[in-house]
Structures are given as structure tokens and as C-alpha cells.
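One structure is given here, and the rest of the page talks about it.
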Amino acid sequence: MPLLVEGRRVRLPQSAGDLVRAHPRLEERARLLRGQSVQQVGPQGLLYVQQRELAVTSPKDGSISILGSDDATTCHIVVLRHTGNGATCLTHCDGTDTKAEVPLIMSSIKSFSDHAQGGRLEVHLVGGFSDDRQLSQKLTHQLLSEFDRQEEDIHLVTLCVTELNDREENENHFPIIYGIAVNIKTAEIYRASFPDRGPEEELRAARALTGGPMISIYDAETEQLRIGPYSWMPFPHVDFWLQQDDQQILENLSTSPLAEPPHFVQHIRSTLMFLKKHPSPTSALFPGNKALLYKKNEGGLWEKISCPGS
């Protein structure tokens, strides 16, 4: 069945702007979200989702209360939630393979399905802006089209993407919202930033920079974050890129150089340094070729656990 807004089928293709103008509630919700101040979310109870990662859990989770992601320029952050059992998936999509990613998002929520609970599937799309290369516009269209192709009814509740998430300054365009969080218990979605993006931030970023596909990183049953084992090819010309100045890195390794957050270049440099040190993942990164497992401790912070035979 199709993508629905207020019980009516969405007519595609149309721009995000046209879609909200046809549905005043969507426009109002986007306006309210844009108008919020940004909340800084601490690490307690947080599961931070990087680019090309997804995480799904439910209100029964004793460790995770917030899913979040930020640093989205042309990327979109997608939240899919089942109102019956509260199962919630958050992912950070960059348009690499939207056709494969949307079914992955859908199946992650279906793994929690409890047909006795009724409810419906609701989707929230946030991110992107009116970028010169129209990458955001393309990703918005891909996501709406792929959700519309799914078998289940999916209710579009929040659409704050591309031209709806755009501000202009000195003839340059920037996103208004770079990051969001979702409270698993209350279903509240709000603007957010995240000083702590761990664990294993560089390792996870290296996987994305080398072209790794969308993956699920969290096991809600065991309440464990599972990282790897990953494989990648040596990053092309890593020494050359590390010798370049900030402007060169920004212009060549970003989809939207003018709109990146201030820490973008430092983040890319540290990821490149990691890839130089680990041109291909070895037993040093994944002893015994096993996943790195993390669990929240009593203070709500990630702690590495050893799990023999896992």
C-alpha cells in the first residue's frame, strides 16, 4: 500500500514544497520543528547513529532511551515508528542505495511486530537543503518514492527536507536543521546536537568513508551495540589527501562545502589518519575476526564487553 498523509495517498512525483502546501498539517509540523532551539544531548541513554547506519529499539529497552544523528547536510535522517508497540528505527541516509535501504528500515521495524497491538507505521524525514547539485532534492524524491512502493501503509507525519529545511545567507544556502533525536519512550522528535558520538567513532566513520553499505548496529534483545567485523580496501591516495589544506579537503571530500559544520575537516582528517594506520581491517581492530560489543553501564555510558564465542 502507499505512502499516506492524513489518510490520503500521496501523489508522486512532486517536490517536498508542493507536498506540504497540499497538506497544511505537514507544513505546520515542519515550521514547529525548524523553530525549536537545538538541544545538546549527552551520552547517557543515547545511541548515536552515524552515516549509513541504522538502529532500532522499543520502549522496553532498559539501556537506550534516545536515538539520534546529526551532521546531515545533503543527507536525510529518517525515523520510522510503529505506534502500536513503539518500535523505532533511526537511520542516516546519504542516497548511496536508497532502493536497498528503505526495505532494510522496514524489516528492522517488522522484527518487533506484535500484531495484537494494532497501531500504524509513521515516518519522519528531516535534512537536506537547496544545494547547488540538487543532491538533497534527489534523495527526498528517492525516499518518498521507495516508501510509497512498500506493501504496508506508511503515514508521513514529518517532512522537513530540502527546500523546507533551507535558509539563505549572502546568496548561499544552508540547512536549518543538521541533527535530530527521538525519545523512544515518548516518541518526541526534536532538534539536537551530540558532543559524544562514540563508541569507536573513527572506526565507524572509516567504514562509511570507504563506501560501506547501510548496516544495523544494535541488538535490542541483548541491548548490545555491535561493531564489525568490517572490511575495506585501502583508501585511494590517503597520503595525498592528508597533505592538503583544509580548503582542498572541504571542496573535494564534501557534497556541500559551504554548508558543512565547523568540525567537518577535522573529522575527515582524523578518519583519514585512521585509514592510513589501518589500510585494511586486521586482527588488531577485530581480534579473532569477531565483533566489538558494547553495552550501557549503570551510569548510562557505553562499556566494552568481552563475549567469548560470540
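Condition test on Arg29, is it of a type outside the set (Asp, Glu), more than 30 Å from Thr222 (Cβ to Cβ), open to solvent by 70 Å² or more (accessible area, probe 1.4 Å) and over 22 Å from the mean Cα position of the chain (by Cα)? Against the criterion (of a type outside the set (Asp, Glu), more than 30 Å from Thr222 (Cβ to Cβ), open to solvent by 70 Å² or more (accessible area, probe 1.4 Å) and over 22 Å from the mean Cα position of the chain (by Cα)), Arg29 does not qualify. Quick check on the range 214-230. Is at least one of its residues of a type in the set (D, E, K, R) and crowded, with 20+ Cβ neighbours inside 10 Å? Scanning the range 214-230 turns up no residue that is of a type in the set (D, E, K, R) and crowded, with 20+ Cβ neighbours inside 10 Å. The residues of the range 85-144 that are among the charged types (D, E, K, R), closer than 16 Å to Ser58 by Cα and touching a strand residue (DSSP E or B) at 6+ places or on another chain (Cβ under 8 Å), listed by number, are Arg120, Glu122. Answer yes if at least one residue in the range 113-131 is surrounded by fewer than 21 Cβ atoms within 10 Å (Cβ to Cβ), touching a residue at least 40 places away in the same chain (Cβ under 8 Å) and in contact with a Phe, Trp or Tyr (Cβ under 7 Å, 6 or more places away or on another chain), and no otherwise. Scanning the range 113-131, I find no residue that is surrounded by fewer than 21 Cβ atoms within 10 Å (Cβ to Cβ), touching a residue at least 40 places away in the same chain (Cβ under 8 Å) and in contact with a Phe, Trp or Tyr (Cβ under 7 Å, 6 or more places away or on another chain), so the answer is no.
Could you please find all residues in the range 262-291 being open to solvent by less than 70 Å² (accessible area, probe 1.4 Å), at pLDDT below 90 and hydroxyl-bearing (Ser, Thr, Tyr)? Selection gives Ser280, Thr282.
Taking the criterion of being part of a helix (DSSP H, G or I), of a type in the set (A, V, I, L, M) and under 17 Å from Arg11 (Cα atoms), the residues of the range 140-174 that qualify are Leu143, Leu144.
Tallying residues that are assigned to a helix (DSSP H, G or I) and among the charged types (D, E, K, R) within the range 52-108 yields 2. Considering the range 165-213, and only residues there that are on the phi > 0 side of the Ramachandran plot and surrounded by fewer than 17 Cβ atoms within 10 Å (Cβ to Cβ), the residue that is modelled with the highest pLDDT turns out to be Ala187. Only a single item in (1) buried (at least 16 other Cβ atoms within 10 Å of the Cβ); (2) outside any strand (DSSP E or B); (3) touching a strand residue (DSSP E or B) at 6+ places or on another chain (Cβ under 9 Å) is not met by Phe235, and it is number (3). Close Cβ contacts (under 9 Å, 6 or more residues apart or on different chains) running from residues in the range 239-264 that are more than 17 Å from Gly127 (Cα to Cα) to residues that are open to solvent by 70 Å² or more (accessible area, probe 1.4 Å) comprise Asp239/Lys276; Trp241/Gln248; Trp241/Asn252; Leu242/Met273; Leu242/Lys276; Gln244/Asn252; Asp246/Gln266; Leu250/Leu258. Here the condition is being of a type in the set (Val, Ile, Thr) and more than 18 Å from Asp70 (Cβ to Cβ); of Val265, Val238, it holds for Val238 alone. Just one of (1) crowded, with 16+ Cβ neighbours inside 10 Å; (2) over 21 Å from the mean Cα position of the chain (by Cα); (3) more than 21 Å from Asp196 (Cα to Cα); (4) hydrophobic (A, V, I, L, M, F, W, C) fails for Ala259. It is (2).
The values are calculated or read from the model by the stated rules, or taken from the named source; none is laboratory data. No experiment lies behind these values; they were computed from the predicted model shown. Every residue, glycine as well, gets a Cβ built from its backbone with ideal geometry; the counts of neighbours run over all protein chains shown. Just the protein is used for accessible areas: all its heavy atoms, side chains included, with ligands, DNA and RNA removed. Shrake-Rupley method; radii C 1.70, N 1.55, O 1.52, S 1.80 Å.
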